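Just below is one structure, and these are the notes that go with it.
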Amino acid sequence: MGSSERAGSEGFGYWADHTRKGATCYDAGPMATLLDVTNLRVTLDGEPILAELSFEVEEGETLVILGPNGAGKTVLLKALLGLVEHAGTITWREGVKIGYVPQRVTLEKNTPITVADFFSLKRVDAERATEMLRQVDLGDPAILEKSIAKISSGQFQRVLIAWALANDPEVLLFDEPTTGIDVGGQDTIYSLLDKTQEARNLTILLVTHELEIVSGHADKALCLNKKTFCYGSPTSILTPERLQEIYGQPARFFHHRHE
């Protein structure tokens, strides 16, 4: 296992310079392949979770990862971060910096941690935290003193994104970033991701089950149900027949234009 730094618990996220077991690194020019995955296989407690999975991600690209519950989407992200054992190869560009926003972080209502305390887990001071929060449209400095367990779900998701951005990652991994947020808040979060990606030239890997947002946000889609069902341009691969094969029931791909 190579050197890495993880701030807080696994539930709070992950940060790494990738030189680690099971992954190789390479030098690359601008707009080159940032991540290459070949024949990835993951088995947990004797049960195959992912099998013969192959794909690549280019710099500045958004890859949306789709599939039903239990398809292995979260396990895939954890494998890419080196958090679960795997076979096959995961090749990141040399020295790539990664931020991770998990699907759920459950906090008790009486958790004695303020937003400022949460950022301090990553050794981010108040000035830097305020700057990051402003970038995710949480510009009131008073939020730093609020209990992290008592802010709204939408605010908390923005805090997690700001927290992931604090170390200037080149890649962001999002696991269901709008879980528990109402429809209006979901649109706001996706707008925020678009704005952040454009401002920072980020590469984004986004796990979601929301087919209606794919065409507005994805350069490529990866469809999983423990193996690769399809990979490529969303408009060419997400046919009704293929979606029914993946989800086991009729599903429709919406050509959604995001404003």
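Just so it is clear, none of the values below were taken in a lab; they were calculated from the coordinates. These numbers were taken from a predicted model, which means no experiment stands behind them. Cβ atoms come from the backbone with ideal geometry, glycine included; neighbour counts cover every protein chain shown.
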For this session: Within the stretch 147-168, which residues have the backbone N less than 17 Å from the label spot 7 Å out from D125 along Cα→beta-carbon, could you tell me?
Result: 166-168
Problem set entry | Residue-wise HN-Hα coupling along the stretch 155-170, computed from phi with Karplus coefficients 6.51, -1.76, 1.60 (Hz; x: Gly, Pro) | 5, 4, 5, 5, 4, 4, 5, 4, 4, 5, 7, 4, 9, 6, x, 9
For this session: With a 10 Å radius around each residue's Cβ, average the other Cβ atoms per peptide and rank 192-198, 219-225, highest first.
Result: 219-225, 192-198
For this session: Quote to one decimal, in nm, the extra length available between L83 and N69 on full extension: 0.36 nm per residue of separation minus the C-alpha distance between them.
Result: 3.0 nm
Exercise. Long-range amide H contacts for L44: which residues qualify at under 5 Å (H placed 1.01 Å from N, peptide plane, sequence gap of 5 or more or a different chain)?
Worked result: I49
Exercise. Which order, highest average first, do 123-129, 199-205 follow once you tally other Cβ atoms within 10 Å for each residue and take the mean per peptide?
Worked result: 199-205, 123-129
Seminar exercise, completed: Taking 0.36 nm per residue of separation between A199 and D36 and subtracting their Cα-Cα distance, the length gained on full extension comes to 56.2 nm
Exercise. In whole Hz, what ³J(HN,Hα) sequence does the stretch 53-66 give by Karplus (6.51, -1.76, 1.60; θ = phi - 60°), x for Gly and Pro?
Worked result: 9, 9, 5, 9, 10, 8, 4, x, 8, 10, 9, 9, 10, 10
Problem set entry | Order of H209, H86, H217 - criterion: other Cβ atoms within 10 Å of each residue's Cβ, fewest first | H209, H217, H86
Exercise. Per the Kirkwood treatment, what hydrodynamic radius in Å, one decimal, follows for the stretch 81-164 from the mean inverse distance over all distinct Cα pairs?
Worked result: 14.4 Å
For this session: Pairs to check: K150/K220; K73/K150; K122/K227; K78/K146; K150/K226; K97/K146. Give those whose C-alpha atoms are more than 32 Å from each other in this structure.
Result: K150/K220; K122/K227; K150/K226
